[in-house]
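The values are calculated or read from the model by the stated rules, or taken from the named source; none is laboratory data. Since we're looking at a predicted model, the values are computed, not measured. Quick reminder, even Gly has a Cβ in these numbers, built from the backbone with ideal geometry, and neighbours come from all protein chains shown.
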Protein chains: 2
Amino acid sequence: MADTEYRDPSGKRLADYPHPSVAVDTAVMTVVDGELSVLQICDAVDDDWRLPGTFVHEGERLADSVLRSLREKAGVEGLAPRQLHVFDDPSRDSRGWVLSVAHLDVVPAAALTIDPGRARLVAVAASGAMVHAHDDILEYAVAQLREDHRERPDPHGLLAEPFTMTELRRLHEVVLGVELQPDTFRRAMVGRLVVAEGKRAEGPGKPAGLYRRG
Amino acid sequence: MADTEYRDPSGKRLADYPHPSVAVDTAVMTVVDGELSVLQICDAVDDDWRLPGTFVHEGERLADSVLRSLREKAGVEGLAPRQLHVFDDPSRDSRGWVLSVAHLDVVPAAALTIDPGRARLVAVAASGAMVHAHDDILEYAVAQLREDHRERPDPHGLLAEPFTMTELRRLHEVVLGVELQPDTFRRAMVGRLVVAEGKRAEGPGKPAGLYRRG
DNA sequence: TCAATAGTGTCTATGAGACACTATTAA
DNA sequence: TTAATAGTGTCTCATAGACACTATTGA
């Protein structure tokens with residue numbers, strides 16, 4: 001793949017330039033126990049909590065680096081990593097010149113099997129400071145997640161289908177961090193959903209209709 | 001800055017990992033002659049038109065790499081580069097494993113002095129294919145630019161202050177690629193502008209009031 | 001005066017929000 | 001029946017869009 005004969009106008013080969021280390025760091029987000037939560041791992045070196053990440057391997061796509069880091073560092077199978085931002089402050093990482101490409105991956109809690117020795121899920125509201133400015137990454141991730149949930153119903157498939165309108169609303173309330181009017185929410189979302197068979201009753205009260213994502 | 005003693009859990013130093021080349025490629029956008037336009041340079045190697053870019057120098061911030069590449073490759077003084085996306089397809093660049101961090105920089109035409117031997121401004125609508133999938137970068141840039149112009153008046157300062165409401169509307173029409181209703185546009189924007197002194201008449205007709213960005 | 005451009009009054013359609021009402025179940 | 005939850009009818013208010021009107025200039 002690499003054309004080792006390539007030389008730039010000044011005669012230098014690609015390998016003659018100094019190269020940064022390129023890492024991916026990922027905010028794996030989910031909703032569990034009515035809380036918007038993020039996956040943290042315990043850093044083997046610093047014994048600090050941080051977001052899972054890894055250096056990019058040769059010829060690897062960034063999304064594949066993300067999925068590999070989640071498997072190796074947290075024993076978690078990721079889904080669809082999405083680029084957020086490149087953090088490029090040269091003093092950001094004490095190990096040297098590292099560019100970190102922040103990612104967001106949203107995974108239903110049901111698909112996350114957490115090994116307590118390696119990883120934990122922490123509510124975003126309660127998540128303390130992490131190393132290497134990983135809090136900044138979390139901020140980007142939450143902002144992106146909220147943006148996604150403002151228009152579309154359950155855009156990342158956090159709910160098991162079929163789901164009730166109330167379940168969908170509670171999900172959006174948790175992600176957005178605000179209470180939503182049931183009637184307004186229903187009218188905004190019903191056109192973007194498909195009706196599913198059957199009803200579901202949670203305790204007393206009229207059974208709720210069921211929906212699937214469009 | 002670099003801690004050369006750092007070793008990861010498997011005993012490898014940072015430098016022992018293979019490293020990608022990291023480049024920045026920038027869509028410098030402006031509006032000239034009523035056209036949304038992009039700066040292209042003529043590639044010295046391939047003799048193809050492309051977006052200006054460079055490899056990132058050691059310890060350099062990405063935004064500084066962008067500004068340097070614009071100075072060196074196009075003789076242009078950039079303003080405020082903004083990250084768009086990392087293009088990471090390993091086969092994207094024939095020279096080898098290159099990650100390209102796409103940027104957008106919006107510069108008023110008045111601040112762009114184009115050396116015809118090195119660079120040119122091309123209307124986006126008429127811009128043909130560029131090398132290394134630089135067309136993808138342009139798509140991201142245009143989408144971002146339109147997003148910015150949907151809410152805020154002249155968000156990147158393309159107009160010289162003070163300006164008339166009609167000048168502002170024509171700018172937004174060019175960027176968004178649609179015609180806008182003068183009255184609706186005025187009412188949407190007037191609250192986000194500050195009134196400036198004086199009037200300006202362009203030919204016959206009532207002289208227009210002047211505004212500045214908030 | 002007329003032509004041309006700037007700016008406003010106002011009607012209408014749309015949609016968000018709020019509230020009250022109806023609907024359907026368990027106990 | 002009552003309590004609880006689901007879902008709808010409808011009023012109000014804010015806003016976008018459209019259109020017509022007024023305002024102010026040069027020729």
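Pairs meeting the criteria (first residue in region A:64-82 and free of Cβ contacts under 8 Å to residues at least 24 places away in the same chain, second residue of a type in the set (D, E, K, R), beta carbons under 6 Å, at least 6 apart or on different chains) are lacking. Candidates in region B:190-207 are the residues that are more than 10 Å from DNA strand D (Cβ to nearest atom) and closer than 28 Å to B:VAL124 by Cβ; of these, the one that is surrounded by the fewest Cβ atoms within 10 Å (Cβ to Cβ) is B:ARG192. A single entry from A:GLU161, A:GLU167, A:GLU173 fulfils the requirement of being in a loop (DSSP other than H, G, I, E, B) and either under 23 Å from A:ASP33 (Cα atoms) or more than 13 Å from DNA strand C (Cβ to nearest atom) (or both): A:GLU161. Residue under question is A:GLY117, and the condition is that it be assigned by TED's automatic domain parsing to the domain that holds A:PRO52 and either within 13 Å of DNA strand C (Cβ to nearest atom) or free of Cβ contacts under 8 Å to residues at least 40 places away in the same chain (or both); does it hold? Criteria met by A:GLY117. I need the full set of residues from region B:34-67 which are part of a loop (DSSP other than H, G, I, E, B) and surrounded by fewer than 23 Cβ atoms within 10 Å (Cβ to Cβ), in order please. Selection gives B:GLY34, B:ASP43, B:ALA44, B:VAL45, B:ASP46, B:ASP47, B:ASP48, B:HIS57, B:GLU58, B:GLY59, B:GLU60, B:ARG61.
Of the set (1) more than 12 Å from DNA strand D (Cβ to nearest atom); (2) of a type outside the set (A, V, I, L, M, F, W, C); (3) surrounded by fewer than 11 Cβ atoms within 10 Å (Cβ to Cβ), all apply to A:GLY177 but (3). Every listed requirement among (1) farther than 28 Å from A:LEU193 by Cβ; (2) assigned to a helix (DSSP H, G or I) is met by A:VAL131 save one, (2).
Where residues in region A:68-94 are surrounded by fewer than 20 Cβ atoms within 10 Å (Cβ to Cβ) and farther than 18 Å from A:ASP136 by Cα, which of them is nearest to the other protein chains (Cβ to nearest Cβ)? Ranking the qualifying residues of region A:68-94, first place goes to A:GLU72.
In region B:178-214, the residue that is farthest from the other protein chains (Cβ to nearest Cβ) out of those that are in a loop (DSSP other than H, G, I, E, B) and more than 7 Å from DNA strand C (Cβ to nearest atom) is B:ALA201. Residues of region B:135-142 include none that is within 16 Å of DNA strand D (Cβ to nearest atom), at pLDDT 95 or above, of a type outside the set (A, V, I, L, M, F, W, C) and crowded, with 16+ Cβ neighbours inside 10 Å. For region B:19-47, the set of residues classified as charged (D, E, K, R) and within 14 Å of another protein chain (Cβ to nearest Cβ) consists of B:ASP25, B:ASP43, B:ASP46, B:ASP47, listed by residue number. Scanning region B:163-196 for residues that are over 30 Å from B:HIS103 (Cβ atoms) and touching a Leu at 6+ places or on another chain (Cβ under 7 Å) yields B:THR164, B:ALA196.
If you check B:ARG7, B:ARG50, B:ARG61, B:ARG82 for being over 30 Å from B:HIS172 (Cβ atoms) and at pLDDT 85 or above, only one passes: B:ARG61.
Would you check if B:ASP115 is in a helix (DSSP H, G or I) and under 30 Å from B:ASP43 (Cβ atoms)? No; evaluated as a whole, the condition is false for this residue.
Among the residues of region A:95-112, at least one is more than 14 Å from chain B (Cβ to nearest Cβ), β-branched (Val, Ile, Thr) and in contact (Cβ under 8 Å) with a residue 40 or more places away in the chain. Only one of the numbered conditions (1) more than 7 Å from every other protein chain (Cβ to nearest Cβ); (2) of a type outside the set (Ser, Thr, Tyr); (3) in contact with a strand residue (DSSP E or B) (Cβ under 8 Å, 6 or more places away or on another chain) is violated by A:LEU62, and that is (1).
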